[in-house]
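K.L.:
To start, I am sharing the structure in question, which I have written as structure tokens.
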Amino acid sequence: MQAYKEKHLKEDFYNGNAIMVRNGNIQGSIRKQDYIKNLGCDGIWLNPCFASPFYDAGYDVADYKKVAPRYGTNEDLKELFRKAHEKGMKVLLDLVPGHTSTDHEWFRESCKAEKNEYTDRYVWTDDIWDDFKDVGSITGSIRGFSDRNGCCAVNFFSVQPALNFGFARCDKEWQQPMDAPGPMATREAMKDVMRFWM
């Protein structure tokens with residue numbers, strides 16, 4: 001068992017509590033900061049480390065303000081920031097602003113039939129049968145799963161509904177310009193996430 005653990009710890013870089021996880025954890029990164037600094041690095045870039053069901057390696061974020069338990073806690077991440085800064089290193093978080101998980105609270109609220117503050121947080125058509133054919137780079141959709149009459153655009157996988165930042169050119173009734181209240185609220189929500197971690 002010890003040999004198995006050592007093999008996987010080497011493959012996964014470093015895991016601070018010797019529990020085998022796919023990419024190590026925050027405490028492991030804290031303990032290896034001197035090693036990282038001695039390599040000549042002045043920054044640490046973390047893949048998405050936020051709460052997620054992990055259908056897409058954490059790129060399906062369920063809560064932007066909570067560290068996924070598999071990596072540690074918010075306090076662990078604050079400690080990583082503090083100790084990295086003490087060594088003259090920066091920490092970059094991989095923010096995923098184009099979509100969330102279908103498990104995100106914003107999306108669950110957006111799926112409701114009655115209008116609310118999250119109704120326009122995602123890209124929705126006005127009718128369940130109106131799809132995204134020939135609309136920009138949108139290549140997929142999900143529909144028929146909620147009380148809302150509409151089809152929701154997705155990025156990459158069906159568990160990643162596309163956030164609404166508006167459209168430069170609006171050719172369909174459901175499209176909103178970039179300065180519409182929904183897209184503006186989405187931008188503010190993402191700024192709020194950045195402010196939270198800054």
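The values are calculated or read from the model by the stated rules, or taken from the named source; none is laboratory data. Quantities reported herein were computed from a predicted structural model and do not represent experimental measurements. Glycine gets a Cβ as well: all are built from the backbone with ideal geometry, and neighbour counts include every protein chain shown. Keep in mind that these areas ignore ligands, DNA and RNA; they rest on the heavy atoms of the full protein, side chains included. Shrake-Rupley method; radii C 1.70, N 1.55, O 1.52, S 1.80 Å.
K.L.:
Which ³J(HN,Hα) values, rounded to whole Hz and listed in residue order, are derived for segment 68-80 from phi using the Karplus coefficients 6.51, -1.76 and 1.60 in 6.51 cos²θ - 1.76 cosθ + 1.60 with θ = phi - 60°, glycine and proline given as x?
P.N.:
Once θ is set to phi - 60°, the couplings for segment 68-80 become 5, x, 5, 9, x, 10, 4, 5, 4, 5, 4, 5, 4 Hz.
K.L.:
Select from segment 107-163 those chymotrypsin sites (Phe, Trp or Tyr not before Pro) which occupy a DSSP coil region and have at most 11 other Cβ atoms within 10 Å, ordered by residue number. Let's see the in-between values first.
P.N.:
On the way: sites: Phe107, Tyr118, Tyr122, Trp124, Trp129, Phe132, Phe145, Phe156, Phe157; in loops: Tyr118, Trp129, Phe132, Phe145, Phe156, Phe157.
For chymotrypsin sites (Phe, Trp or Tyr not before Pro) across segment 107-163 that sit outside H, G, I, E and B with at most 11 neighbouring Cβ atoms in 10 Å, the list reads Trp129, Phe145.
K.L.:
Let me ask you something else. If Lys and Arg each add +1 and Asp and Glu each add -1, what is the summed charge of the other residues whose beta carbon sits under 13 Å from the beta carbon of Lys112? Before the final figure, lay out each step's value.
P.N.:
Numbers: positive: Arg108, Lys115, Arg121, Arg148; negative: Glu105, Glu109, Glu114, Glu117, Asp120, Asp147.
For residues surrounding Lys112, the net value is -2.
K.L.:
For the chain, what is the mean residue ellipticity at 222 nm derived from helices alone (per DSSP H run of n ≥ 4: -39500 (n - 2.57); sum divided by total residues; nearest 500 deg cm²/dmol)?
P.N.:
Details: 6 runs with 58 residues, N = 198.
Per the formula, -8500 deg cm²/dmol.
K.L.:
For the chain, modelled as a GNM with alpha-carbon contacts under 10 angstrom, which of Lys90, Lys172, Lys112 fluctuates the most?
P.N.:
Lys172
K.L.:
Using P(r) over Cα pairs in 10 Å bins from 0, in percent as the read-out, say which of [x] 10, 38, 33, 15, 4, 0; [y] 8, 30, 32, 19, 9, 2, 0; [z] 9, 30, 28, 18, 12, 3, 0 was calculated from these coordinates.
P.N.:
Given [x] 10, 38, 33, 15, 4, 0; [y] 8, 30, 32, 19, 9, 2, 0; [z] 9, 30, 28, 18, 12, 3, 0, the structure-derived one carries the label [z].
K.L.:
Filter the GluC sites (Glu not before Pro) in segment 99-141 to those in DSSP coil with at most 11 other Cβ atoms within 10 Å of their Cβ, and list the result.
P.N.:
Values: sites: Glu105, Glu109, Glu114, Glu117; in loops: Glu114, Glu117.
Those satisfying the criteria are Glu114.
K.L.:
Give Lys37/Lys65; Lys32/Lys191; Lys115/Lys172; Lys32/Lys90; Lys90/Lys191; Lys78/Lys191 a once-over and call out the pairs whose C-alpha atoms are over 22 Å from each other. Working shown, then result.
P.N.:
Numbers: Lys37/Lys65 27 Å; Lys32/Lys191 31 Å; Lys115/Lys172 20 Å; Lys32/Lys90 14 Å; Lys90/Lys191 20 Å; Lys78/Lys191 19 Å.
Violating the 22 Å Cα-Cα cut-off are Lys37/Lys65; Lys32/Lys191.
K.L.:
Of all the accessible heavy-atom surface of the chain, with the other protein chains kept in place and a 1.4 Å probe, what percent is carbon and sulfur? Show your work: numbers first, answer last.
P.N.:
Details: 5960 of 11500 Å².
The value for the chain is 52 percent carbon and sulfur by accessible area.
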